[in-house]
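Where a number appears in this text, it was derived from the coordinates with a stated rule and is not lab data. Given the structure is predicted, the values throughout are model-derived calculations rather than measurements. Because the Cβ atoms are built from the backbone with ideal geometry, glycine has one as well, and the counts that use them run over all protein chains shown.
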Amino acid sequence: MRPRVGATAWRSFDRRDQRAIRARLAAGAPLRCPRCAGLLEARPTSRLLAVLPSGARGYDLDCRSCHQFLPLIEHTPQSLRLLRLRRLVAAVRRA
Ligand SMILES: [Zn+2]
C-alpha cells in the first residue's frame, strides 16, 4: 500500500516495522510501535476486511500517534480460495 497524503490518513506499517511487531507478538512481548515506542491498540475488526472475501477474520493493531496499523488477518480455506479467484480474475482483466 502506498502512503497517502494527509496527516489523518491511516496507513499500514512498512514491511520492516510489520516484521518487528510480529516478532514481538510471537515472543509475547508488550506490543509497542517501532517508530514512537507507544503501546499499540487492538481494533476489534480490521480495516482490510472490507476488501477481503467473506470468511476472513482479522483485526488491526493501531498506533494512534503515528496513524499506522498492522493488519492481522486470518483466512479460512474458503476465503483463501475466493482471494485466489479474485486475483485470477483481476489478472485476466489486466491482460
Ligand atoms: Zn507510533
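A few remarks follow.
- Looking at segment 3-95, the strands (runs of 3 or more DSSP E) lying wholly inside it that each contain 3 or more residues that are within 14 Å of the ligand (Cβ to nearest atom) and in contact with a helix residue (DSSP H, G or I) (Cβ under 9 Å, 6 or more places away or on another chain) sit at 68-74.
- Enumeration of residues in segment 43-95 that are among the hydroxyl-bearing types (Ser, Thr, Tyr), surrounded by fewer than 15 Cβ atoms within 10 Å (Cβ to Cβ) and touching a residue at least 24 places away in the same chain (Cβ under 8 Å): Ser54, Ser65
- Among the residues making up segment 63-80, a single one is small (Gly, Ala, Ser) and out of contact with any strand residue (DSSP E or B) (no Cβ under 9 Å at 6 or more places or on another chain): Ser65.
- Contact annotation: residue pairs with Cβ atoms under 6 Å, 6 or more positions apart or on different chains, pairing a residue in segment 25-41 that is more than 8 Å from Cys63 (Cβ to Cβ) with a partner that is within 11 Å of the ligand (Cβ to nearest atom) and in a helix (DSSP H, G or I), are Pro34/Asp17.
- Selection within segment 27-51 - within 26 Å of Leu83 (Cα to Cα) and out of contact with any strand residue (DSSP E or B) (no Cβ under 7 Å at 6 or more places or on another chain): Ala50, Val51
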